[in-house]
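The values are calculated or read from the model by the stated rules, or taken from the named source; none is laboratory data. Model, not experiment: these values are computed from the prediction. Neighbour counts are summed over all protein chains in view; Cβ atoms, including those assigned to glycine, are modelled from backbone coordinates with ideal geometry. Quick note on the areas: whole protein, heavy atoms, side chains included, nothing else; ligands and nucleic acids left out. Shrake-Rupley method; radii C 1.70, N 1.55, O 1.52, S 1.80 Å.
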Amino acid sequence: MNTFGSDKIKGEAILVARFLLVLLFLIFGWEKLTNYSGTVAYMQQVGAPMPPISTLVAIFMEFFVSLAIIVGIFTRPLAVLLAVYTLGTALIGHHYWTMTGMAHFEGEINFYKNISIIGGCFLLYVTGAGKYSLDAKFGL
């Protein structure tokens, strides 16, 4: 099978992919962490269940799980957990099928963005964190 040279940079590519996959979560997780009350208000507005608890879950998943994936610790189980979380946020926060006009369009984009991220999480689950990771260092 021709790998088109990817085998030569596999470790580096997985490292960059891990970072790019969770960059969105890291940025928005940091915003949630530094603006807890504003995030609770947003969670109430979008109808998230138990907004204060939903906010804590979002902060944990988006910021702390993203950091863990970037450094490559417990990458495979966290990739699955992030995929499940991302599906939940798609269904709760981006229910475009109930919207009209521009909100429908924006919700649809965000919903399918989440679905694409889930695909990336599954690939990370299959590949693992690669050689530049704490998983590789500790044999996890």
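Some values worked out for this structure:
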read-out	value
Sole exception among (1) in contact with a Cys (Cβ under 9 Å, 6 or more places away or on another chain); (2) not in a helix (DSSP H, G or I) for THR86, by number	(2)
Residue check, LEU140 at pLDDT below 95 and either open to solvent by 60 Å² or more (accessible area, probe 1.4 Å) or of a type in the set (Ser, Thr, Tyr) (or both)	yes
Selection within the stretch 14-52 - more than 26 Å from MET99 (Cα to Cα), open to solvent by 50 Å² or more (accessible area, probe 1.4 Å) and either of a type in the set (A, V, I, L, M) or outside any helix (DSSP H, G or I) (or both)	LEU15, VAL16, ALA17, LEU20, LEU23, ILE27, LEU33, ASN35
Single unsatisfied condition, THR3 versus (1) crowded, with 16+ Cβ neighbours inside 10 Å; (2) β-branched (Val, Ile, Thr); (3) in contact with a Lys or Arg (Cβ under 9 Å, 6 or more places away or on another chain)	(1)
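Conditions (1) aromatic (Phe, Trp, Tyr); (2) open to solvent by 30 Å² or more (accessible area, probe 1.4 Å); (3) modelled with pLDDT of 95 or more, marked per residue:
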residue	(1), (2), (3)
LEU56	no, yes, yes
MET61	no, no, yes
LEU67	no, yes, yes
ILE73	no, yes, yes
VAL80	no, yes, yes
ILE92	no, yes, no
HIS95	no, yes, no
